[in-house]
Amino acid sequence: MPYESKYGKDQATLTMDYTHTEVHQMAYDFSVYLHAKMRALPHYEKFTLQKEIRDTIDEMMDEIEAYEKTKVISHLYTADRLKAKLVRKIRLAHDLKYSAINNDVYCYCATQLGCIGACLGGLIKKAQSEKKK
């Protein structure tokens, strides 16, 4: 039986990786969801909007990981900026009426991005208060 953390990681993942912050796990789970949804975008969007959405969530996770390792607050600001870019790209796919980003998917994305944004904001606030000490 595989070992499960509160995020559902198996033992192999725990062995090869370090424990991430909650916001990283949320972003990772959302990335898996978005990557699956991007396969359903129209073929002509495959190399533009689809790639931008995938790249943005991946870059956001890179910045969160960089913060986890270095504790440099600018990585959180960059992750937050990338979250805003992702909101814009997902909204565009929804407004263009792509079936992959229907109303249910759009609402789910909005909720997930709101939670990720709240976690990023909390980490930023915590890092700012620790810097003042």
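The values are calculated or read from the model by the stated rules, or taken from the named source; none is laboratory data. Since the structure is predicted, the reported quantities are computational estimates derived from the model, not experimental observations. Positions of Cβ are generated from backbone atoms using ideal geometry, with glycine treated the same way; all protein chains shown enter the neighbour counts. Surface accessibility is based on the protein's heavy atoms, side chains included, excluding ligands, DNA and RNA. Shrake-Rupley method; radii C 1.70, N 1.55, O 1.52, S 1.80 Å.
So how much slack lies between THR48 and VAL72, counting 0.36 nm per residue of separation and subtracting their Cα-Cα distance, in nm?
Details: separation 24, 0.36 × 24 = 8.64 nm, distance 3.14 nm.
Using 0.36 nm per residue and subtracting the Cα-Cα distance, I get 5.5 nm.
Only protein heavy atoms count here; on that basis, with a 1.4 Å probe, MET61 has an accessible area of about 20 Å².
The relative contact order of the range 55-96 comes to 42 percent, based on Cα pairs under 8 Å that sit 6 or more residues apart. Shown in residue order for the range 87-101 are the 3J(HN,Hα) couplings computed by the Karplus curve 6.51 cos²θ - 1.76 cosθ + 1.60 at θ = phi - 60°: 4, 4, 5, 5, 4, 4, 4, 5, 5, 7, 6, 6, 4, 5, 10 Hz (x for Gly and Pro). In whole Å, how far is the Cα centre of the range 18-58 from that of the range 91-116? Centre-to-centre (Cα) distance: 12 Å. Between ALA84 and LYS97, the modelled labels are 3.1 nm apart [label points 7 Å from Cα along Cα→Cβ].
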